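The values are calculated or read from the model by the stated rules, or taken from the named source; none is laboratory data. Since we're looking at a predicted model, the values are computed, not measured. Here the Cβ is made from the backbone with ideal geometry for all residues, glycine too, and neighbour counts use every protein chain on show.
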Amino acid sequence: MKTYTIGFTQKKADRFFSLLRESGVRQLLDVRLNNISQLAGFAKRDDLRFFLKELCDADYYHMEDLAPTKDILNAYKKKEIPWQAYEDQYLDLMVQRNIERTVSKELMDHGCLLCSEHEPHFCHRRLVVEYLNDHWDAELQVEHLV
């Protein structure tokens with residue numbers, strides 16, 4: 001099944017929504033811990049829900065179980081832990097949350113995981129799709145929209 005990831009930073013709204021629309025995304029799965037930050041501009045929860053429906057005919061879901069904890073995220077942001085430690089702690093969290101059983105495959109089919117990072121290399125949205133592919137026998141064909 002086709003699955004996408006996207007970050008909203010370093011994109012203007014027209015580019016962001018064009019990428020989603022042209023890819024055929026049916027639902028946006030917001031994996032951010034804080035989805036109402038004023039710094040998010042067009043990517044704030046309520047605005048995003050409206051724009052997705054109007055511009056892309058797509059639904060919005062906040063997937064809190066796929067967000068890191070505040071402690072893990074803050075430790076990484078403050079450079080108290082390197083990326084590898086963040087990755088290890090985040091993946092341990094996904095194991096604890098048992099996401100391979102709680103995340104709906106239907107949502108992932110033409111779904112797009114949203115976070116803030118422009119590219120997926122150092123972002124937990126990449127870790128989510130890799131984790132699910134490991135546990136779902138590589139059912140996800142992932143495209144990172146940049």
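Summary of computed values
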item	result
Subset of segment 92-124 [touching a helix residue (DSSP H, G or I) at 6+ places or on another chain (Cβ under 8 Å), in contact (Cβ under 8 Å) with a residue 40 or more places away in the chain and part of a helix (DSSP H, G or I)]	108, 124
Condition broken by residue 52, with the remaining ones in (1) modelled with pLDDT of 95 or more; (2) surrounded by 13 or more Cβ atoms within 10 Å (Cβ to Cβ); (3) in contact with a helix residue (DSSP H, G or I) (Cβ under 7 Å, 6 or more places away or on another chain) satisfied	(3)
Among the residues listed as 138, 85, the single one being over 15 Å from the mean Cα position of the chain (by Cα), at pLDDT below 95 and farther than 18 Å from residue 43 by Cβ	138
Residue 2 vs. criteria out of contact with any Leu (no Cβ under 6 Å at 6 or more places or on another chain) and buried (at least 18 other Cβ atoms within 10 Å of the Cβ)	no
Restricting segment 100-122 to residues that are among the acidic types (Asp, Glu) and in contact with a His (Cβ under 8 Å, 6 or more places away or on another chain), the residue that is surrounded by the fewest Cβ atoms within 10 Å (Cβ to Cβ)	119
Residue within segment 125-132 that is under 26 Å from residue 20 (Cα atoms) and in contact with a Lys or Arg (Cβ under 8 Å, 6 or more places away or on another chain) present	no
Selection status of residue 32, in contact with a strand residue (DSSP E or B) (Cβ under 7 Å, 6 or more places away or on another chain), over 14 Å from residue 112 (Cβ atoms), surrounded by 15 or more Cβ atoms within 10 Å (Cβ to Cβ) and in contact (Cβ under 8 Å) with a residue 12 or more places away in the chain	no
Filter result for residue 64 (closer than 23 Å to residue 28 by Cβ and either of a type in the set (Asp, Glu) or in contact with a His (Cβ under 7 Å, 6 or more places away or on another chain) (or both))	yes
Sole residue being under 28 Å from residue 53 (Cα atoms) and either surrounded by fewer than 16 Cβ atoms within 10 Å (Cβ to Cβ) or charged (D, E, K, R) (or both), chosen from 97, 125	125
Test for residue 33: is it in contact with a Leu (Cβ under 8 Å, 6 or more places away or on another chain), closer than 22 Å to residue 94 by Cβ and modelled with pLDDT under 95	yes
